[in-house]
Each structure stands twice: as C-alpha cells, then as structure tokens.
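The values are calculated or read from the model by the stated rules, or taken from the named source; none is laboratory data. Since the structure is predicted, the reported quantities are computational estimates derived from the model, not experimental observations. Note that we place each Cβ from the backbone using ideal geometry, even for glycine, and neighbour counts take in every protein chain shown. Just so you know, the surface numbers come from the protein's heavy atoms only, side chains and all, with ligands and any DNA or RNA stripped out. Shrake-Rupley method; radii C 1.70, N 1.55, O 1.52, S 1.80 Å.
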Amino acid sequence: MCVRTHVTRFIEQCGNSCISTAPFPAVTDVAGVIVDVGPGVNGLTAGDQVVAKLNSLNGGGLAEYAVAPANLTVKRPAKVSAAEGAGLPIAAGTALQALRSIGAKFDGTGKPLNVLITAASGGVGLYAVQLAKLANLHVTATCGARNMDLVKSLGADEVMDYRTPEGATLQSPSGRKYDGVVHCTVGVSWSSFQLLLSDAGRVIDVTPNLSAILTYVLHRVTFSKKRLVPQLLLSLNKADLEFLVGLLEEGKLKTVIDSRFPLSDAGKARQSSIDGHATGKIVVEMES
C-alpha cells in the first residue's frame, strides 16, 4: 500500500552509539495516511491514519510517499500523534523482543524478575524501561547524569550514572542479581555481567559485535546456564505493533522525542544523530 508520510523516525539512538537499520537514507519507521491499497489488502483503506515499518533492506521512509507492507501497518488512534507512532516500530519492538527473551510477560502471569537496562536513555532503552515496568519487573538502569531523572520518571527502580565508579560496576545498589540484562550500548564485555547474573541469567545484546557472537556460540556448545544472546534480527509482527500502539493510546507507554526536523533539514537530523547526544527519538517531519 502507499502511505503519505507525516513523520518518519530518522535514526535510532542507543546509548552513545548511533544504530540505523539500513544505510542512510533507508529509513523504515513511519507514520502517515494511506493514499491507496493494493489488491487483497483487508482492514485498511485510503484515508486511514497509520504507523508502519517499511522493508528493512529498501527503507524509503525519508520521503513524502512510501510503500508499506500491509502485515506491518496498523491504524493509529487519534490519541497517538504521528511523531509518537513513528518512534515505535524498531526501538520499541527491539525492547519488547529483548524483554520477552528473558522471560517478561505482559498478561500478569510473569515472575518478579530483576532486570538491568544499559544506556536506558537511548531509543531502545527508554522503551525497555517502560515495558519492563509494565511486566512488573524490578528495573535497574544506567544512563548519563543529565538523564537520570527522566529514566527514573519512566519507572526505573534504581538509576546509576554510568560514568561514576559505582555505575561502571553495573552492580545493583540493592544487591540484586539480574535475571536478565537488556544491553543497549557497546564497550562492555561479558565478564562485566557474569558475576552479576542469577544462576540462569541472560544478557540480551541488542548491539552485538563479533566478540558477542563468539561468546554466544561458546555458551551454546558448553550448555552454560548463564548466557549472552545477541539479538541480531527484529522479529516484529503486526500483533506486536498493534500492542505497542495500544499502549501509547492508553497512556501506558511514552515516546520521548529529542528533536524534530523538517524534511529539508534531514542532513541536520543526521548530524544530530552522529553527534550522539540525543535523548530519545530524532524525528523528521514532512513539510506542508
């Protein structure tokens, strides 16, 4: 189907590193209005306000019109702004997938797990904190000093400045062992987590490098109970996207927007991302 984009999420912020799902300008997260649908598309029609994730290989979101797959396009309620919706697919989807990988459940049946979220003021981290609290997890989070109040306001039980000696250890201030870690930054080795995990704790690395992948293979072949798991691919589906949009509508989830740029200033948005100081989402909006 063809979607006229109102807003596009420009690039993912994850701690101090910039993560894009495809080379610029292959942007994949958009919100807009449907202008036409292909044959066989049901439940969506021209005029619908929607949130969509485009093809990861081709992107195409940094444009006035984009072609979106019906199976990753959902209606956007009036209570959810285009900017809020455009921030969701990759960042919130990544956080949701990582939390489920460590056992989080969102139907009230989950165990009271302890989780650490690194780079919690980045795009994935901010959603991970909120989703973890919705799953009734105890959240310890790391971020820079200037964002500690924000992360705390989103529900984190313990927040540490990663630049301090205490924060650098990643140890829970209350002495808890972590059942899971949503690891959203780089430069932290497996050995830093190993002693902090519970007996079957897992580190879900959403920014994995070669070392992380090799560590994962070693853990698999040695049947280690404690494991590092690289999250290489996002398995987002329509039900997940509808779930996330529904949380926004209900006010249970918030998209934190760092800055907005018109399409004509997409280069400035790119530079803002490269600078690495954004808190939350950098959004490019279509000009009327």
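A few points about this structure:
- Largest GNM mean-square fluctuation across Ala63, Ala200, Ala278, computed for the chain with C-alpha springs under 10 Å, falls on Ala200.
- The stretch 139-185, relative contact order in percent, only Cα pairs under 8 angstrom and at least six apart counted: 33 percent
- Close amide H partners of Val229, meaning residues 5 or more places away or on another chain with modelled amide H under 5 Å apart, are Val203, Ile204, Asp205.
- Probe 1.4 Å, protein heavy atoms only - accessible area per residue of the stretch 91-230 in square angstrom: 44 Å²
- Rg/Rh (Cα only; Kirkwood hydrodynamic radius) as it applies to the stretch 36-133: 1.03
- Solvent accessible area, Å² - His277, 1.4 Å probe, full protein context: 130 Å²
- With the whole protein complex present, Phe243 retains an accessible surface near 60 Å², based on a 1.4 Å probe.
- Accessible surface of Ser211, taken over heavy atoms with a 1.4 Å probe and every protein chain present, rounds to 70 Å².
- Over the C-alpha atoms of the stretch 91-230, the Rg to Rh ratio, Rh being the Kirkwood estimate, stands at 0.94.
- Accessible surface ranking that places the most exposed of Val159, Val124 first, with a 1.4 angstrom probe: Val159, Val124
- Table column - 3J(HN,Hα) (Hz), the stretch 115-129, Karplus curve with 6.51, -1.76, 1.60, x for Gly and Pro: 10, 9, 10, 8, 6, 6, 9, x, x, 6, x, 5, 6, 4, 4
- For the chain, modelled as a GNM whose springs connect Cα atoms under 10 angstrom apart, the maximal fluctuation among Arg227, Arg146, Arg76 occurs at Arg146.
- Listed values for the stretch 179-187 are Karplus-derived 3J(HN,Hα) couplings in whole Hz (6.51 cos²θ - 1.76 cosθ + 1.60, θ = phi - 60°), namely 7, x, 10, 9, 9, 10, 9, 10, x, and x replaces Gly and Pro.
- Relative contact order [Cα under 8 Å, 6+ residues apart], the chain, whole percent: 21 percent
- Accessible-area rank, largest first, for Lys225, Lys238: Lys225, Lys238, with all protein chains present and a 1.4 angstrom probe.
- Only Lys, Arg, Asp and Glu carry charge here, each on its Cβ (+1 for the first two, -1 for the last two); on that basis the stretch 241-288 has a dipole of about 160 debye about its Cα centre.
- Gain in span if fully extended, Lys254 to Ala239, counting 0.36 nm per residue against the direct Cα distance: 3.5 nm
- Charge dipole (debye, nearest 20) of the chain; +1 at Cβ of Lys and Arg, -1 at Cβ of Asp and Glu: 680 debye
- Members of Lys177/Lys268; Lys79/Lys226; Lys152/Lys268 lying beyond 32 Å, as alpha-carbon distances in this model show: Lys177/Lys268; Lys79/Lys226
- Asp275, Asp161, Asp265, ranked by accessible area, largest first (probe 1.4 Å): Asp275, Asp265, Asp161
- Gaussian network model of the chain, springs between alpha carbon atoms under 10 Å - residue of Glu250, Glu84, Glu242 with greatest fluctuation: Glu250
- Counting protein heavy atoms only, the stretch 170-288 has 52 percent of its accessible area on carbon and sulfur, 1.4 angstrom probe.
- Net charge of the neighbourhood of Cys143, taken over other residues with C-beta under 12 Å away and scored Lys/Arg +1, Asp/Glu -1, is 0.
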